[in-house]
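Here is the structure we will look at.
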Amino acid sequence: MVARVTLEIALRKEFDYAIPPELAGQVEVGTRVKVPFGHRQIMGCVTALPEHSTHTNLRQLTGVVGKQSLVTPKVLQLARWIADYYCCAPETALKSVLPEVVRREQEGWRERLIVRLLPLTGEPPKLTKRQQEILNLLEERRELPLRELLELAETTAETIRRLEDKNLVVISSQVSERDPYAKELISKTDPLPLSAEQAKALVQITAAMDERAACSVLRDSAADASRSTQHETRSTFLLHGVTGSGKTEVYLQAIAHALSQGKGAVVLVPEIALTPQTVERFKARFSHGPLQTQVAVLHSHLSSGERHDEWHKIRQGRARIVIGARSAIFAPVEPLGLIIVDEEHEHSYKQEEAPRYHARDVAVVRGQMEDAVVVLGSATPSMESFYNVARGKYALLELKLRADDKKMPIVRVVDMRQTARKDKGTPIFSEELKEAITKRLERREQTILFLNRRGYSSSLQCPQCGFVAECPNCSVALTYHRRAQKICCHICGHEAPAPAVCPEPKCRSAAIRYSGLGTERVEETLTKLFPHARVQRMDSDLMKRKEDYRRVLGDFKAGKTDILVGTQMIAKGLHFENVTLVGVIHADLSLHIPDFRAGERTFQLLTQVAGRAGRGDVEGEVFVQSFTPFHPAIQYARRHDFTGFYEQEIEFREQLKYPPAARIALLTFKGRNEEKVKFTAGHVTHELEALASGKAVPASEGASVREMELLPDDAPAHTLTPSHPHTSPLRDLTLAGPAPAPLLRAETYYRYQLMLRTNQMSRLSRLLTKLLGTLALPDEVSLTVDVDPVSLM
Ligand code: ADP
Ligand code: ZN
Ligand code: ZN
């Protein structure tokens, strides 16, 4: 047998090694190994164990790292799909499927010394008063960590050792797991009786799960794993439920069904929504008593030790349900019955560095690979997912009513142009919103105010004509700096004197405003307007640690805060009964970004924020302040009309061939020398055009010259992507650009983009991988490939 190994240095190749007799039996697919490579020793991962190699004179593996293979064959298969589809080196994809702390094995289990009482045999020995006190303490608790006992009894380890000598206690070392939620007191919840809509959704999900379970039994008994499983029902569901419709309860009961089938579940939530509140709901249902470890949590706020313990709990099968952000999609849950992606429209599911995968899409692929059912949930589904419903790829489940018969909040759009005409100062609060806040303060109800921008000052906007001052290089609004009387770009540093009148030649209005619409300014104005109100701000400037976040939310929940002002951070997931008013200070902000998804983003944000109101007994009210009150994104959000929004938006996407009507890959060229960047972009565009038309015969098939220099002669290489000498032309490929990126210059780097559109992304991915393999870029220019980008900046 031969070990095929992918190395932790990105070479886009795999290498064959012989397995020495002393390591036989320890090497399986997924095992981490140490191998000789040239004159070095390098770490790698076994990806296959073929019987023979086409190469002779194989070198031997030097060692095996770790006891249990960390990457399961199934997760490995997923990593390979990611490398292929997102055009990255397999090593890069492999790195992202394991948390850093697990991969590097820096952290181990934490061991602690535990003192335990031994049963008394024979005569009770004579004890000092101090010794008796210690025994009394232990009697109460049976056992205690040594350190805790020393503190409690105010004694020394020496004293305890003497007790051990007398055979009264035993001191032993024990693994003690770090539980990030140890301090939370979570009481068990029972499944709620479902509403008719919820029940209907759940039945369809569980039926699909049952069908898959039945098929895999059949398949196993037929001992024919290769037979493709054709199912009656689709395995991916889009659960479209208005905010507060009880999607979470459906998830919980579907998970219970997975457990009853002996399978596990992965629940993805956006990092931002991974609040203690969310985690608590899952732990309360599944993690209590002897099942303490059943739910594992993976996210970036854990300490590396906590992450180590949570991950290994999953790998050992002691945790069957995983809740986490993006990368939790790689959790080694086996067998896997269900994957849930909550708030599936969230852009934070996309990783913005290589591998640039989208966790929602990876979830769908993993579901197919492992015959698991996938549920994508949202109140505002992405255009992509709804399009997949329209084309019959996903099944739609709808929850149109709020779970507890609460009404949807009334949404009022306030035309801020009028407020701007009436008011002299910067319009931050319309009369309507001010009145509404006053009412809430009188009635002791709570208010949430949302503004998607932090800081004090922000853009320069003309209330008469809508003009916004943007940076000439960066396509971002310029920020007003009051003291310096300048407008500046926070990305490239561009500066200009602050104009006194609107620069728009036809307008020249003197009413131009440094509309200081940062959350900080909103907070300040609020305290002036309502001196007695208790105001709290929540944005990433202020919330540096997870404790801050918990404290602010805790205070709000306890009614210690009247008004919560915040950014995106407060837009979703939060659930407070006493909030009856939500104000959106400036709804147009997200409409100004240079991206075809600006309208979609705005619609989603408004709908999500509005959903925070009226979760309790009193009906909720929402005020949306806007300078473009008739924009479709705002009007459809006002009417809670997702389908209406989708229909007019898809028309625009289809006309312009934007996703989901086509797939996009974005190539970004970066470098300090603009001419070189531009030239390289042009050159690559030509190469790609030739390759796509099927005409090109790349100069050197396979590894490029530079790569060849890296390869020692004695390491037989397998090119990972099979070369297709007769690639048929990719006829539907269209190229836009190369052109300067919307953010042309960022931190002294010029950026040019080439946008590729096709309906056959897998084929384009192969083409791009091939191109990347033959390309020799100049040293000063870098190229990134982003397949299915969510941001065009
Ligand atoms: P969503 O996730 O769709 O925004 P939630 O799951 O947060 O909605 O549910 C909103 C509220 O309705 C929660 O307080 C939840 O406990 C409650 N709820 C959900 N399902 C039911 C039900 N079947 N009966 C009564 N209350 C329910
Ligand atoms: Zn103007
Ligand atoms: Zn700039």
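The table that follows gives values for the structure above.
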item	result
Candidate set: segment 71-103, residues that are within 28 Å of L756 (Cα to Cα) and β-branched (V, I, T); chosen: the one surrounded by the fewest Cβ atoms within 10 Å (Cβ to Cβ)	T92
Meets criteria (of a type in the set (V, I, T), farther than 22 Å from R597 by Cα, in contact (Cβ under 8 Å) with a residue 12 or more places away in the chain and touching a Phe, Trp or Tyr at 6+ places or on another chain (Cβ under 6 Å)) for V375	yes
Some residue of segment 628-637 being modelled with pLDDT of 80 or more, outside any helix (DSSP H, G or I) and closer than 18 Å to L433 by Cβ	yes
Residues (away from ligand 1 (no atom under 16 Å from the Cβ) and crowded, with 20+ Cβ neighbours inside 10 Å) located in segment 390-417	Y394, V411, V413, V414, M416
Qualifying residue in segment 325-337 (condition: out of contact with any strand residue (DSSP E or B) (no Cβ under 8 Å at 6 or more places or on another chain), under 22 Å from L70 (Cβ atoms) and surrounded by 22 or more Cβ atoms within 10 Å (Cβ to Cβ))	yes
Entirely in segment 674-793, the strands (runs of 3 or more DSSP E) that have 1 or more residues that are at pLDDT below 70 and either away from ligand 3 (no atom under 16 Å from the Cβ) or among the polar types (S, T, N, Q) (or both)	717-719
Residues of segment 197-217 that turn out to be without any contact (Cβ under 8 Å) to a residue 24 or more places away in the chain and near ligand 1 (Cβ under 10 Å from one of its atoms), as a count	1
Residues that are free of Cβ contacts under 8 Å to residues at least 60 places away in the same chain and over 25 Å from Y387 (Cβ atoms), drawn from segment 729-768	P729, A739, P740
Residues satisfying the stated conditions in segment 331-341, i.e. modelled with pLDDT under 95 and under 14 Å from the mean Cα position of the chain (by Cα)	A331
Checklist (1) closer than 29 Å to E520 by Cα; (2) modelled with pLDDT of 80 or more; (3) of a type in the set (K, R); (4) buried (at least 19 other Cβ atoms within 10 Å of the Cβ) applied to R366, failing item	(1)
Of residues in segment 455-478 being modelled with pLDDT under 75 and polar (S, T, N, Q), the one farthest from ligand 2 (Cβ to nearest atom)	N473
Positions within segment 82-116 being at pLDDT 80 or above and closer than 30 Å to K166 by Cα, in sequence order	V115, R116
Any pair with Cβ under 6 angstrom, 6 or more apart, that starts in segment 498-510 at a residue that is touching a residue at least 12 places away in the same chain (Cβ under 8 Å) and within 14 Å of Q461 (Cβ to Cβ) and ends at one that is near ligand 2 (Cβ under 6 Å from one of its atoms) and among the small types (G, A, S)	C502/S509
Residues of segment 69-95 that turn out to be in a loop (DSSP other than H, G, I, E, B), within 19 Å of V333 (Cα to Cα) and in contact with a helix residue (DSSP H, G or I) (Cβ under 7 Å, 6 or more places away or on another chain), as a count	2
Of residues in segment 268-286 being within 12 Å of ligand 1 (Cβ to nearest atom) and buried (at least 23 other Cβ atoms within 10 Å of the Cβ), the one farthest from A395 (Cα to Cα)	R285
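Each row is one residue, and each column tells you yes or no for (1) at pLDDT below 95; (2) of a type in the set (F, W, Y); (3) within 16 Å of ligand 2 (Cβ to nearest atom).
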{"site": "V374", "(1), (2), (3)": "no, no, no"}
{"site": "G425", "(1), (2), (3)": "yes, no, no"}
{"site": "F429", "(1), (2), (3)": "yes, yes, no"}
{"site": "R453", "(1), (2), (3)": "yes, no, no"}
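The values are calculated or read from the model by the stated rules, or taken from the named source; none is laboratory data. Keep in mind that what you see is a predicted model, and the values were worked out from it rather than measured. Here Cβ is always computed from backbone atoms with ideal geometry, including for glycine, and neighbour counts include all displayed protein chains.
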